[in-house]
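As C-alpha cells, the structure follows; a few thoughts come after it.
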Amino acid sequence: MKHIKLPIDVVFGIFVLLTLSVFMASVILPVSTQAGVGGAAMNFSVINTAPTVGTVTCDHTVGSPSEATNFVAWCYAVITDLNGYQDVVACNGTFFRTSSGKAGTADDNIRYSNASCQLIGGSSNTVNCNCSFGMKYFADGGVSWTGNISTRDGTAVVAHNEGVIAGATLDALISIDLTSNKSQWGTLVVGTNTTFNTGNFTVVNNTGNVNVTIKVQAVDQLGQACDYMICIPSPANLTLGGTESGIRYSLAVGGAWSTGTVLTSSLVEIAGDWMDNRQAATPGKGENRSTYWAIGVPLGVNGTCTVIVNNFALGGSIN
Amino acid sequence: MKNNKTLAVISLLGLLLMATNASAIGVSPGVISFNKLVRGGYAEKALTVSTAGGDDLTLKVEAGGAVKDWISFEPTDAQVILPKKSAKSILVKINIPNTARNGQYEGEVIISTLVSQSSDTSGVSGARFMPGLIVRIELTVTGEEVSGYDIKSVSVKDTEQNYPVEFNINVENTGNVVITPKLHIAILNSERKEIGKSIDYSEIAILPTTSKQFTIKMPTKGMDTGAYYSKVTSDLGHEQTLFFQILAPGTLALRGSLEQVLLNKIWVKPAETVKVEATFSNDGELFIDTAKLKGEIYVIDPTYGTKEMIGVFEGDSMTVPLGEKVTLSAYFTPSKPGRYSIEGYVMYSGKRTDVKSTVLNVLEEPVNYTLYYLLIGVVVILVVFYLTRMTEDGRTRRFKKIWGDYLSIK
C-alpha cells in the first residue's frame with residue numbers, strides 16, 4: 001500500500017486557507033454580544049427601529065365655532081419607539097378637510113399645517129405628540145376633517161398616521177352680519193312708489209363656515225308675523241303684500257317698485273343658495289350680498305309707519 | 001283736498017329706512033340630526049349662540065316645523081339676552097311621543113333678534129332689519145333600541161389614611177335608551193396585585209345623548225399608607241388602571257410630582273457613563289426638605305420583550321421650595337451592549353412618586369480589523385514568496401512541483 005505523504009507545502013497552503021476562512025466568517029456572520037449579569041445570558045444586537053404613530057384623535061375647543069371668532073383645533077397621538085421616547089426628535093401635523101386630501105397649500109379654508117408640534121409626557125418608549133391648529137371661523141364646516149401626524153427619529157426615519165375629528169365633522173356655524181343704511185327718500189306722495197336704488201339697501205355678510213340662504217319675513221315688535229306696517233296716528237295701517245302698497249325687495253338696482261318681490265308675514269327665501277363661506281388667502285370677508293328695498297305708499301295712509309323685517313340665515317349647500 | 005295731500009306728503013317724509021349698526025349673530029351646530037330614536041325616547045343637543053358684534057342682543061327662541069311640539073328648550077325663558085361679544089348655550093330637548101310612528105321627521109329651531117326695548121325709537125319710522133337664524137332638525141324614529149356607553153374620563157386623587165379615596169368618572173350614553181353603567185373598582189398594591197378590596201357601583205341613570213360626571217367614594221379603612229393602583233372596569237369591557245397614594249394624616253399638603261425621566265444620551269457604548277435626570281415639582285403647600293431620585297435598571301429581551309433587573313441607581317438629595325421645579329440626577333454606566341429600561345421615581349419626605357422610565361441603547365464596540373488585515377497580508381505575501389521560489393534543483397518553481405506531485409499521486 002502506497003502511503004501518501006502530504007508535502008509540507010500543501011499543509012502550509014491548507015493552514016493559509018483556514019485562516020482566510022475564519023476571517024471571512026467574522027465579516028459575513030453577525031457578531032454575537034452577550035448582555036445581562038447574574039442571570040441567563042441573552043444574545044442580540046441593538047439596532048435602530050422606526051417609530052410608529054398610534055391612533056390619531058382630533059377635536060376642537062369646546063364651545064366653538066362662534067360667530068366670526070377664530071378657534072383652535074388639535075390632534076394628538078402616542079408615538080412609540082423601541083429605542084426610547086428620547087429617540088423621537090420631532091413631530092408635525094396637517095389638519096385638512098377629508099375630501100380635499102392632505103397634499104396642497106394650507107389655505108385656511110380646507111387645510112392647516114403645524115411644522116413643529118409638541119412632544120410631551122415621554123416615558124419608557126412612548127411620547128405624546130400634540131398638534132394645535134389656529135382655525136379661522138370660515139374653515140369649511142359641517143364636513144369631515146382629518147388630522148395627519150408625522151414623526152421622525154434621530155436617524156431621520158419617518159412614520160405617520162391619520163384620524164378623523166371627534167364626532168366625524170367640524171360643527172357647522174350658521175352666522176351672518178347684517179348692515180342697513182340710512183337713507184333720505186325726499187318728498188313722497190301718497191299713491192306713489194319708490195325705486196330700487198343705492199340709497200336704500202341692506203348688506204348681509206356670511207360670517208360662518210357654511211354656505212347660507214336668506215329668508216325674510218315681516219314681524220311686529222314682539223317678533224310675531226305681521227301683515228302690515230303699523231301707522232301712528234291712524235286711520236289706517238299700511239298693508240304689506242298689496243298690488244299698490246307695501247315693501248318689496250330686489251337684488252338689482254334701478255328697477256321699478258313693481259318689479260320687486262313682495263315682503264309678507266310668510267318666510268320667503270330671497271334667492272337660492274347664494275352666499276359662500278370661503279375667503280381668499282388675504283384676510284377679508286366672506287361673500288356678501290346687497291338687497292335693495294322700495295316702498296309703495298297707498299292712498300289713505302298718514303303718520304309714522306313701522307315694521308320689522310327679519311333676515312333669517314339657514315344652512316345651504318356644502319362646498 | 002290739496003291741503004290733505006300736502007299733509008300726507010309731509011308726514012311721509014318721515015318714512016325712511018332707518019340706519020342700524022351692523023348686527024351679527026351665529027349658531028352652531030347648524031343642523032341637529034338624530035338617527036335611531038325610539039317611541040317614548042329622548043335626545044338633546046346644545047346649541048351655541050354667539051355674537052361678535054358690539055351690541056347686546058335680545059333673542060327669541062322657538063320651535064317650528066312638523067315636530068315643534070316635541071321640542072323644548074333650556075333655559076325656558078321666552079327671551080334670552082346675549083351680551084355683546086359673547087356666546088351662550090341653549091339646550092334643545094326632544095321628547096318622542098309614545099304614539100310616534102317609525103319614519104323621518106323635520107323641525108326647526110327659529111332664533112330671532114328682537115328690537116331692544118331700551119333703544120331710542122322716537123321719530124323712528126319705516127322698516128327695521130334684524131338678523132335671525134334657523135337650525136334644521138332631522139329625526140329618524142325606528143323600532144330599534146340601541147344600548148351603549150363610553151367612559152370618557154376617570155381620575156383619582158391621593159387621600160389620607162382612613163379617609164375614602166374618590167374616583168371622578170364621566171360617562172356618555174351613546175345609545176337611544178336610558179342606561180345604568182355597572183362599574184367595578186378593585187384596589188391593587190404597588191406590585192399591581194389585588195388585595196381583596198373592591199367596590200361595585202350602578203347608581204347613575206343616564207339619558208340618551210347625554211353625559212354625566214359623578215364621584216365614587218371607596219373606604220380605605222384598614223389600608224396602610226403607601227402607593228396603590230386601582231383597576232376600574234365596566235360591564236361593557238372598559239378597563240383603566242390608575243395610581244394613587246394613601247398618606248399619613250396631615251400630609252396631603254405635602255405633594256410632589258415626577259414629570260419625566262430622561263437621559264443626556266440614549267445611544268452609548270459599553271463603559272460610557274450616562275446621566276439620568278428627573279424633573280420633579282413641588283405641587284403641595286409645604287416645603288420639601290429632601291427629594292432624591294432613585295431607580296432600577298432592567299435589560300430588555302428584544303425577542304420576548306421581558307425585562308430583567310440588573311441594578312439600581314440613586315442620586316443626591318435636594319430641597320424643593322413651594323411651587324418650584326427641580327432637576328434631580330443620578331448616573332449609570334452600562335458594562336455590556338443591549339437595550340435597557342431606566343425606571344426612576346422620587347422619594348421625598350417619606351413619600352414616593354409614580355414611576356417614569358426611558359430607554360438606553362448600548363451599542364457593541366466596533367471590532368478593529370486592522371490587525372487581522374495585517375496578519376493576512378503578511379501570510380499571503382509569505383505564501384506567494386514561497387511558492388514562486390525555485391525548488392532545490394533550481395529548475396522548477398515550487399508551485400509547479402507541488403501541483404506535479406499532486407497529479408502523480410492522483
Legend entry - Amide H contacts under 5 Å for B:Arg128, placed H, 5+ residues apart: A:Val307, A:Ile308, A:Val309
Legend entry - Acute angle (nearest 10 degrees) that the helix B:2-12 long axis makes with the longest principal axis of chain B, alpha-carbon atoms: 20
Legend entry - Largest to smallest principal axis extent of the C-alpha atoms in the stretch B:198-338, angstrom: 61, 45, 34
Inset, instruction - Mind putting a number on the dipole of the stretch A:97-203 about its Cα centre? Charges go on the C-beta only, +1 for Lys and Arg and -1 for Asp and Glu, and I need it in Debye to the nearest 20. - result: 120
Inset, instruction - Note down the relative contact order for chain B as a percent, whole number, built from C-alpha pairs under 8 angstrom at least six residues apart. - result: 11
Inset, instruction - Assuming R0 = 22 Å, can you tell me the calculated FRET efficiency for the pair B:Thr210 and B:Arg101, based on Cβ-Cβ distance, to the nearest 0.05? - result: 0.30
Legend entry - GluC sites (Glu not before Pro) lying in DSSP loop within the stretch B:64-163, provided at most 13 other Cβ fall within 10 Å: B:Glu144, B:Glu145
Legend entry - Cα-Cα P(r), the stretch B:197-246, percent of pairs per 5 Å interval: 4, 13, 22, 26, 15, 11, 5, 2, 1
Inset, instruction - Calculate what fraction, in whole %, of the accessible area of the stretch B:135-212 sits on carbon and sulfur atoms when a 1.4 Å probe is rolled over the protein chains. - result: 42
Inset, instruction - Enumerate the amide H contacts of B:Val276 below 5 Å, restricted to partners 5 or more residues apart or on another chain; note that Pro and chain-start residues carry no placed amide H. - result: B:Ala330, B:Tyr331, B:Phe332
Inset, instruction - For the stretch B:168-233, would you read off the P(r) tail past 15 Å as a percentage of all alpha carbon pairs? - result: 57
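Can you give the FRET efficiency to the nearest 0.05 for A:Ser266 and B:Thr241, using r as the Cβ-Cβ distance and R₀ = 56 Å? Each step should come with its number before you reach the end.
On the way: r = 61 Å, r/R0 = 1.10.
With a Förster radius of 56 Å, E is 0.35.
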Legend entry - Shape parameters for chain B, alpha-carbon atoms, Rg then Dmax in Å: 39.9, 158
Inset, instruction - Under 20 Å Cα to Cα from B:Lys265, which lysines show up? Leave out anything in the same chain fewer than 8 places away. - result: B:Lys275, B:Lys294, B:Lys336, B:Lys356
Legend entry - Contact surface A-B: accessible area buried, both sides summed, square angstrom, 1.4 angstrom probe: 7100
Inset, instruction - Given the peptides B:223-234, B:194-205, arrange them by the average over their residues of other C-beta atoms within 10 Å, most packed first. - result: B:223-234, B:194-205
Legend entry - For the stretch A:200-270: span of alpha carbons on each principal axis (Å, largest first): 47, 32, 19
Inset, instruction - Compute log10 of I(q)/I(0) for the stretch B:125-182 with the Debye formula, placing one identical point scatterer on every Cα and leaving out solvent, at q = 0.16, 0.20 Å⁻¹, to two decimals. - result: -0.77, -0.92
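How crowded by other chains is B:360-367, given as the mean number of beta carbons from other chains within 10 Å of each beta carbon? Walk me through the numbers on the way to the answer.
Details: counts 4, 10, 3, 4, 8, 2, 1, 3.
Across the residues of B:360-367, the mean count of other-chain Cβ atoms within 10 Å is 4.
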Inset, instruction - With 26 Å as the limit, write out which pairs from B:Lys269/B:Lys351; A:Lys136/B:Lys60; B:Lys45/B:Lys84; B:Lys88/B:Lys152 have Cα-Cα distances beyond it, or answer none. - result: B:Lys269/B:Lys351; A:Lys136/B:Lys60
Inset, instruction - Quick one: net charge around B:Arg389, please, counting Lys, Arg +1 and Asp, Glu -1 for every other residue with C-beta under 9 Å from its C-beta. - result: +2
Legend entry - Residue-by-residue Karplus 3J(HN,Hα) for the stretch B:277-288, coefficients 6.51, -1.76, 1.60, Hz, glycine and proline x: 10, 10, 8, 10, 10, 8, 9, x, 10, 10, 5, 9
Legend entry - For the stretch B:308-388, diffusion coefficient by Stokes-Einstein and Kirkwood Rh (Cα), 37 °C, 0.692 mPa s, µm²/s: 183
Legend entry - Peptides ranked, highest mean first, by Cβ atoms within 10 Å: ranges A:124-137, A:242-255: A:124-137, A:242-255
Inset, instruction - Could you rank the peptides B:42-53, A:190-201 by their average count of other C-beta atoms within 10 Å per residue, with the highest value first? - result: B:42-53, A:190-201
Inset, instruction - For B:Thr273 paired with B:Leu363, estimate the spin-label separation in nm (one decimal), with each label point 7 Å from Cα along the Cα-to-Cβ line. - result: 2.2
Legend entry - Calculated from backbone phi, Karplus (6.51, -1.76, 1.60) coupling profile of the stretch B:162-168 in Hz, x at Gly/Pro: 6, 9, x, 9, 10, 10, 9
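Assuming R0 = 51 Å, can you tell me the calculated FRET efficiency for the pair A:Asp107 and B:Asp69, based on Cβ-Cβ distance, to the nearest 0.05?
0.70
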Inset, instruction - Treating the angle as unsigned and between 0 and 90°, give the value, to the nearest 10°, between the Cα long axis of helix B:398-409 and the longest Cα principal axis of chain B. - result: 80
Legend entry - At q = 0.11, 0.20, 0.24 Å⁻¹, base-10 log of I(q)/I(0) for the stretch B:164-275 (Debye sum, equal scatterers on each alpha carbon): -0.54, -1.09, -1.34
Inset, instruction - Calculate the spin-label point distance for B:Ser257 paired with A:Val158, positioning each point 7 Å from the Cα along the beta-carbon direction, and give it in nanometres. - result: 3.5
Legend entry - Distance in nm between pseudo-label sites at B:Leu91 and A:Thr198 (7 Å out along the Cβ direction from Cα): 5.2
Legend entry - Placed amide H near B:Ile179: partners under 5 Å, 5+ positions off or other chain: B:Ile206
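Let me check I have the definition right: for the stretch B:215-281, take the eigenvalues of the Cα gyration tensor, multiply each by 5, take square roots. What are those semi-axes in whole Å, largest first?
Working from the Cα gyration tensor, I get semi-axes of 35, 20, 11 Å.
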Legend entry - Shielding of A:297-306 by partner chains, average beta-carbon count, 10 Å: 5
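The values are calculated or read from the model by the stated rules, or taken from the named source; none is laboratory data. Keep in mind that this is a model prediction, so the values were computed, not measured. Note that each Cβ is placed from the backbone with ideal geometry, even for glycine, and that neighbours are counted across all protein chains shown. What goes into the accessible areas is simple: the full protein's heavy atoms, side chains included, and nothing from ligands, DNA or RNA. Shrake-Rupley method; radii C 1.70, N 1.55, O 1.52, S 1.80 Å.
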